[in-house]
Structures are given as C-alpha cells and as structure tokens.
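Novice: Below: one structure in structure tokens.
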Amino acid sequence: MKVTSADYIKSFTNVGAIDLKPLPSIAFIGRSNVGKSSLINHLLNRKKLVKTSSTPGKTQLINYFLINGEFYFVDLPGYGFANVPLSVKNSWSNMINDFLVKNRDLKLIIQLVDIRHKPSKEDFEFQVMVRQYDLPFLVIANKVDKVKKNQIQTFRKDLKQLFTLDSPPIIHSATKRIGQTDIWKEIDTRLF
C-alpha cells in the first residue's frame, strides 16, 4: 500500500456522535502504553500525525484518520493500567465495545501486545470479546526491538499458544522499522 495522504479528521466521545462518511475502517487497540500511536505513525510514514505519550491513557476518544481518501484508521483508547478513575475506565470499555460491535464498516481490528510481557487479563478479555462477536482481528507483537533476537520466535510461539491463534502474531518495532510490510499485506487483504 502506498500512502499518498493521511489526515486527522475528528475525535468522538461516543459511537452515537460519529457523523463521518461511511468508509472501510481499520481499528487499533491494546493496553495503555503498548505503542498504538507509534505503530500508526510508522505504517503511515509519519512522525507526529498521531500524538505519542509516555503517559498511559492519553488516548481517551475514538480518533479518526482518513487514509488516501479511501479508508479510516481509528485509534481507540487503550485498556489496562491508565491512571484514571474506574468510572472513566468503564466508560471507555463501553465505548470501545459499542464501536467494535456496531460498526458495519469495520474491516479489521489490530490488537497490539507488548512482546516483552505475558498478555494481561485485559488482553485475554479482548480476545474473548472479538471471538464472541466473530470480529476480524490481527494480533501484533510490538516492541520487538526491546528483546534479544534469539527470543523473538519463542515469544511469538508463546503468544500463538496463549491466544490460540492460527499463526504466530506479526512482529513490529517502530524504532527499528520492522513489520510495516507484513502488516500492510494483512490490511490490504481485508480492505480490497
């Protein structure tokens, strides 16, 4: 996929407020601070289109980006250890579930997990939800630059077993520019 344009369009606090032209969508989700913003920027060959932060829980809205005028990337709030009140976490969870289950234009959900850590309770809960609703998903093992090369295949195999995936997750590192081509291949097959 050649990215010719990528623009931030709008952010929403709830699914009912989304008033954009219906187009195919790719959603990005994962634990807070797993690197969603860095992944999106890497895929789009941009440095600062999606704001990155070292503070978990910075993404609190449904953020839409129009790609090539043809489809959306949607950055969803992270789940997990964000330092916010429980009521806010619960509202994010409801908003995310509504978005994923009710969005007819959703072609793929990309779930990021940190390759350095065992999946969290929330990672597993998310897997249960996408399977329960038969939603299209792809798991990305992020931050592979943070582990030794000889450990990567073992970690991929472990994630495949833990999540009972058909194949090991795609590996990614925005820092080392790893995984971009493989991820775009998956996105292309779902979009077109």
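Novice: I'm trying to understand the selection: among the residues of the stretch 17-43, which are free of Cβ contacts under 8 Å to residues at least 40 places away in the same chain and not aliphatic (A, V, I, L, M)? Quick ask: steps written out before the conclusion?
Specialist: As a first pass, look at the stretch 17-43 and keep what is free of Cβ contacts under 8 Å to residues at least 40 places away in the same chain: 17, 19, 21, 37, 40.
Result: Asp19, Lys21, Ser37.
Novice: Consider the stretch 126-135. How many of its residues are surrounded by fewer than 13 Cβ atoms within 10 Å (Cβ to Cβ) and out of contact with any helix residue (DSSP H, G or I) (no Cβ under 6 Å at 6 or more places or on another chain)? Even if it seems obvious, please write down each step before you answer.
Specialist: Applying the first criterion (surrounded by fewer than 13 Cβ atoms within 10 Å (Cβ to Cβ)) to the stretch 126-135 yields 128, 131-134.
Checking the rest, the ones that are also out of contact with any helix residue (DSSP H, G or I) (no Cβ under 6 Å at 6 or more places or on another chain) come to 128, 131-132, 134.
Residues flagged as surrounded by fewer than 13 Cβ atoms within 10 Å (Cβ to Cβ) and out of contact with any helix residue (DSSP H, G or I) (no Cβ under 6 Å at 6 or more places or on another chain) within the stretch 126-135 amount to 4.
Novice: Considering the stretch 53-85 alone, what residues qualify as being surrounded by 12 or more Cβ atoms within 10 Å (Cβ to Cβ), at pLDDT 75 or above and either in a helix (DSSP H, G or I) or among the small types (Gly, Ala, Ser) (or both)?
Specialist: Gly78
Novice: Give me the pairs, please: first residue somewhere in the stretch 175-192 and under 18 Å from Val74 (Cβ atoms), second residue anywhere and part of a loop (DSSP other than H, G, I, E, B), beta-carbon distance under 7 Å, and either six or more positions apart or on two chains.
Specialist: Trp184/Met1; Ile187/Met1; Asp188/Met1; Arg190/Pro136; Leu191/Pro24
Novice: While we're looking at this one, here's another question. One residue is enough: does the stretch 154-172 have a residue meeting the conditions at positive phi and either surrounded by fewer than 20 Cβ atoms within 10 Å (Cβ to Cβ) or assigned to a strand (DSSP E or B) (or both)?
Specialist: Within the stretch 154-172, the first condition is being at positive phi, and the residues that meet it are 164.
Now narrow it down to the ones that are either surrounded by fewer than 20 Cβ atoms within 10 Å (Cβ to Cβ) or assigned to a strand (DSSP E or B) (or both): 164.
Yes, that holds for at least one residue.
Novice: Check Val50, Val88, Val15 and return the single one that is surrounded by fewer than 16 Cβ atoms within 10 Å (Cβ to Cβ) and at pLDDT below 90. Don't jump to the end; show me each part of the working.
Specialist: Details: Val50 fails: surrounded by fewer than 16 Cβ atoms within 10 Å (Cβ to Cβ); Val15 fails: surrounded by fewer than 16 Cβ atoms within 10 Å (Cβ to Cβ).
On inspection, the qualifying residue turns out to be Val88.
Novice: Let me ask something else. Output the residues belonging to the stretch 116-153 that are more than 24 Å from Asp188 (Cα to Cα) and outside any helix (DSSP H, G or I).
Specialist: If the condition is that a residue be more than 24 Å from Asp188 (Cα to Cα) and outside any helix (DSSP H, G or I), then Arg116, His117, Lys118, Pro119, Ser120, Val147, Lys148 are the ones that fit.
Novice: Taking the criterion of being in contact (Cβ under 8 Å) with a residue 24 or more places away in the chain and over 26 Å from Ile18 (Cα atoms), would at least one residue in the stretch 104-114 satisfy it? Break it down stepwise before answering.
Specialist: In the first step, residues of the stretch 104-114 are kept if they are in contact (Cβ under 8 Å) with a residue 24 or more places away in the chain; the result is 104-114.
Okay, now just the ones that are also over 26 Å from Ile18 (Cα atoms), so 113-114.
Checked against the condition, which is being in contact (Cβ under 8 Å) with a residue 24 or more places away in the chain and over 26 Å from Ile18 (Cα atoms), the stretch 104-114 yields at least one hit.
The values are calculated or read from the model by the stated rules, or taken from the named source; none is laboratory data. Values in this document were obtained by computation on a predicted structure and should not be read as measured data. A quick note on method: Cβ atoms are made from the backbone with ideal geometry, for glycine too, and the neighbour counts reach across all protein chains shown.
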